[in-house]
């Protein structure tokens, strides 16, 4: 009996994102990633890509479904980060939304919305996102914090 679907779902999301052709060229991290290089980065289980010690990865709640099973509802927080060496703010912004779309598409058929994790009933792009943009001497950057929502029967 598993205590939560969260750890298995994070593992499966990282694997699926790394294998996805929609995310080709994107570096996918399980948790925070450390890089000062320009490029596109997707961090699964991260709410603040600038914090490398501890980040808010996910939250979940459970209720009893019956005498033996529990229903779990949760959100896995993700960070899409893009930086380029020029001042192209639109390119950075478009890149973070493309990464979010790539992960969101993995939650829909023809893909497996459960990511193959036992007990997970479905996943979907969450209901909130937060966009930050920056310009400095190194170029333009953008980051999008968003969630993937899920339901599971444990």
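Any read-out appearing in this document is the output of simple, stated calculations on the displayed coordinates, not a laboratory observation. What you are looking at is a predicted structure, and each value in this text was computed from that prediction instead of being measured. Quick reminder, even Gly has a Cβ in these numbers, built from the backbone with ideal geometry, and neighbours come from all protein chains shown.
Between residue 112 and residue 27, the FRET efficiency from the beta-carbon distance, with R0 = 30 Å, is close to 0.80. If one takes the longest principal axis of the Cα atoms in the chain, at what angle in degrees, from 0 to 90 and to the nearest 10, does the Cα axis of helix 6-19 lie? With rounding to tens, the tilt is 50 degrees. Shape class for the chain, computed from the alpha carbon gyration tensor (a ≥ b ≥ c): prolate, with a/c not under 1.5 and a/b above b/c. Helical runs (DSSP H, four residues minimum) scored at -39500 (n - 2.57) apiece and divided by the length of the chain put the mean residue ellipticity at 222 nm at -6500 deg cm²/dmol.
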